[in-house]
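J.: Shown below is the structure under consideration.
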Amino acid sequence: MNDEQRNIINTIKLLAIDMIDAASSGHPGIVLGAAPILYMLYANHLRIDPKNPNWVDRDRFVMSPGHGSALLYATLFMAGYDISLEDLVRFRQIDSKTPGHPEYGKTPGVEYSTGVLGEGFAAAVGMAMAEKYLQGYISNYVDKQKIIDHKIYCLVSDGDLEEGISYEAANLASLYGLNNLIVLYDSNSMTLDNNLSASSSENIIKRLDALGWNIDYVNDGNNLKKLDQAITKAKRNKNNPTLIEIKTIIGQDSFNQGTNIVHGRPLSKDDITSLHQIFKLNTSKFEITKKYLDDFRETIQKRMEKEIAKWNEYYEIFHLTNSNEIQTFDRFIKEGNINLSFDAKNFKINATYDEDLRETNNKIMNIIAERTPFFIGGSADLSASCNTKLLKYSAFSKNDYSGRNISYGIREHAMAAITNGMTTYNLRPYASTFLTFSDHMKPSMRIAAMQNLASTFIFTHDSIKIGEDGPTHQPIEQLITLRSIPNMHVFRPADINEVIGSWDAIMKLGKTSSLIIHKGKTHVLAGTSGEEVKNGGYIVKNEKQRLDGVIVSCGNDLTTSLLIADELSDTYDLRVVSMPCLELFFNKPQEYRQSIIPKGVKVIAIEASTKENWTRITNYDNVIGLSTFGYSGKEHDVLRKMNFDKDGIKNQVLNILKNM
């Protein structure tokens, strides 16, 4: 590298080290080892506009090892994003633009919330799939289109590649021939605890090579020429994703370089002083030489000026094209996420309706697919069982990127993270599997809700009523797990009316949602309403004269609740409330909530899940739920054994009413 490049890189390093020192917290090892990689990427390759960080055709960069956030923030500041020196000073402080790990939506230039290792890698695969889908879609209407044509870059660490999700995601990236994905492997053979050899004997390169990835190797992460050549070669690649292994020294030039000591703790004052002397920048803490700042920004600006002007010129012609598809896509470019108003009130339901609720859900999903081209998704090898296929559309593949049915295989964790990556492109993707397998997806669903992404997770086979499959497939605690995730909206509809209402709410909210669908035939229940789902809970059966108690339920358990209320009507005058979405109900004003469940009234909650779900509604002892795993057997035998058949629940309701 020449002197100017070296000085810019060292400026980035010292800024990041100063940030970690000021916060007394952070990870200096990756800063000192990987800074040349980020410099080369931003200086010579990333198609970006720091003044317009949301430009639709920008390249995406995901820092999967989110503990390297100080390096990323220092680079973004130097590149000209809306990050000030004061923001760097406030690294890891409350409400700053520079949180401990990158957070999507908080810092300009950050494309995904990372830090949970492997998640960023899988999300980058989702971004690459989203880019390919949008490119494929618009290419159906515009020959040789140039509106969407960019790359997704992802920096990964040894830790990212140790996580199982990386293997799931890498397999899919190769299957779908994602040549727009370039992964930069910061290979320093060190983890937080020890040398990599203490926890892994795997040859990562052979693994990815066996999957069909293009593999390249840079033996010295400080050799900018070799880095430049490797990235240039990857950009020209026509087939499959690329991984470039780049050998670096963790904490290079620090007292403890090449050891795990420098991975996750601030450097000593003497070590920082030594670095200043080695780098010869003659600057004090958080001081920068303006020339190096200006030169770095000018390098990016000069490289991108013509590209951005050319894209804008093309866009001016593109968006004037008079066709519905182009106008829809133009609106998508301008407005980003287009929330589809599904309008539950416009559906007329045949009173004789009686079908498997999964079939009903599939019909609604296909109606949504017809109304927007941005609805896309798939299943973890269970599309037939979950019934989530978009019937009029082809499979997403390297031969047809405009396909809207994604085959994830048995890879639930990667499926969820990939769905999130696609959502960052303002698509409305969904992922589906059995409810009990939601456990495999929890880390990525949590990340989705944290980022306020409009990812939708569809779970079927929602209770012990699936009988013969036994306890491994019968969910018990999964609903409370989903409902405990902040910012997650969990919908458990009871019939076709509420399925329609759930999708209406999901599309309008544009937030992270889980949709729980019962496996089994369902008829139209008296009193249900699609329009009322938006309130979270509402009355489906009113008391006739006096209010002896309220039964609250949802999903298939609502059918049982209504039957029991009818059978007890000679003795008890009961109100029945459907609660398809607890989160929406508790977002309603107290006045509304008390009109549905009056204060001081006897309240019984019924659901085939753990009792703790309903302690916000009533006392624990007034919840009729499950506290043990299920059994393998016929549905009615399992229900009876677990005291959750109609008669068993009815007796529990009577016992509660008598003792309240």
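J.: Sort the following peptides by mean Cβ neighbour count (other Cβ atoms within 10 Å, averaged over residues), highest first: 31-43, 259-271.
T.: 31-43, 259-271
J.: With +1 on the Cβ of every Lys and Arg and -1 on the Cβ of every Asp and Glu, and nothing else charged, how large is the dipole of the stretch 3-306 about its Cα centre, in debye rounded to the nearest 20?
T.: 840
J.: Which value, in debye to the nearest 20, gives the size of the charge dipole of the stretch 316-453 about its Cα centre, when Lys and Arg are +1 and Asp and Glu are -1 at the Cβ?
T.: Result for the stretch 316-453 is approximately 140 debye, rounded to the nearest 20.
J.: Name the long-range amide H neighbours of residue 377: under 5 Å, sequence gap of 5 or more, or other chain; modelled H, no Pro or chain starts.
T.: Those lying under 5 Å, H to H, from residue 377 are 406, 430.
J.: Please report the antiparallel percentage of DSSP beta bridges with both residues in the chain, rounded to the nearest 5.
T.: Within the chain, antiparallel bridges account for around 15 percent of the total.
J.: Please report the net charge: other residues with Cβ closer than 13 Å to the Cβ of residue 433, K and R +1, D and E -1.
T.: 0
J.: Right, something else. Name the shape class, rounded, prolate or oblate, that the alpha-carbon gyration tensor gives for the stretch 3-306, where a ≥ b ≥ c are the square roots of its eigenvalues, rounded holds for a/c under 1.5, and otherwise prolate holds if a/b is larger than b/c and oblate otherwise.
T.: Note, shape of the stretch 3-306 comes out oblate.
J.: Now a separate question. Starting from the Cα of residue 268, step 7 Å along the direction of its Cβ; do the same at residue 25; then give the gap between the two resulting points in nm.
T.: In this crude label model, residue 268 to residue 25 measures out at 2.4 nm.
J.: Stretched out fully, how many nm does the piece from residue 106 to residue 277 gain, at 0.36 nm a residue minus the Cα gap?
T.: That pair, residue 106 and residue 277, stretches by 58.1 nm at full extension.
J.: If R0 is 60 Å, what FRET efficiency do you get for residue 570 and residue 200 from their C-beta distance, rounded to 0.05?
T.: 0.30
J.: Mind checking the log10 I(q)/I(0) for the stretch 533-659 at q = 0.13, 0.17, 0.21 Å⁻¹? Debye, one equal scatterer per Cα, no solvent, two decimals.
T.: Calculated log10 I(q)/I(0) at the listed q: -0.50, -0.85, -1.27.
J.: Further, regarding this structure: Across 5 Å bins from the origin, how do the percents of Cα pairs in the stretch 590-660 run, short distances first?
T.: So the P(r) values, bin by bin, are 3, 16, 22, 22, 17, 10, 6, 3, 1, 0.
J.: So if each residue of separation counts as 0.36 nm, and I subtract the Cα-Cα distance between residue 54 and residue 477, what length gain in nm does that give?
T.: Length gained, residue 54 through residue 477: 148.3 nm.
J.: Using only DSSP helix segments of four residues or longer, with each worth -39500 (n - 2.57), what per-residue ellipticity at 222 nm results for the chain after dividing by its residue count and rounding to 500?
T.: -12500 deg cm²/dmol
J.: Say each of residue 372 and residue 2 gets a label point 7 Å from the Cα, pointing the same way as Cα to Cβ; how far apart are those two points in nm?
T.: 4.9
J.: Follow-up question, since we're still on this one. Might you report the magnitude of the Cβ-based charge dipole of the chain about its Cα centre, with Lys and Arg at +1 and Asp and Glu at -1, to the nearest 20 debye?
T.: 720
J.: To continue, here is another question. Could you state, as a whole-number percent, how many of the C-alpha pairs of the chain are farther apart than 43 Å?
T.: 32
J.: Of 192, 150, 101, which is farthest on the positive side of the dipole of the stretch 82-194, counting Cα position, with +1 on Lys and Arg Cβ, -1 on Asp and Glu Cβ, and the Cα centre as origin?
T.: Ranked along the dipole, the leading option is 150.
J.: State, to one decimal in nm, how far the label point of residue 313 lies from the label point of residue 352, with both points 7 Å from Cα in the Cβ direction.
T.: 6.5
J.: Would you mind computing Rg(Cα) / (2.2 N^0.38 Å) for the stretch 30-117, counting N as its residues?
T.: With N residues counted in the stretch 30-117, Rg over 2.2 N^0.38 Å equals 1.00.
J.: Show me the trypsin sites (Lys or Arg not before Pro) within the stretch 74-132 that DSSP assigns to loop and that have at most 13 other Cβ atoms within 10 Å of their Cβ.
T.: Sparse-neighbourhood loop trypsin sites (Lys or Arg not before Pro): none present.
J.: Which of the lysines could a cross-linker span from residue 602 if the Cα-Cα distance has to be under 24 Å and same-chain partners fewer than 8 positions apart are dropped?
T.: 541, 544, 588, 611, 646, 650, 658
The numbers here are math on the coordinates, done by the rules we state, and not lab data. Keep in mind that what you see is a predicted model, and the values were worked out from it rather than measured. Ideal geometry is used to build each Cβ from the backbone, glycine not excepted, and the neighbour counts take in all protein chains shown.
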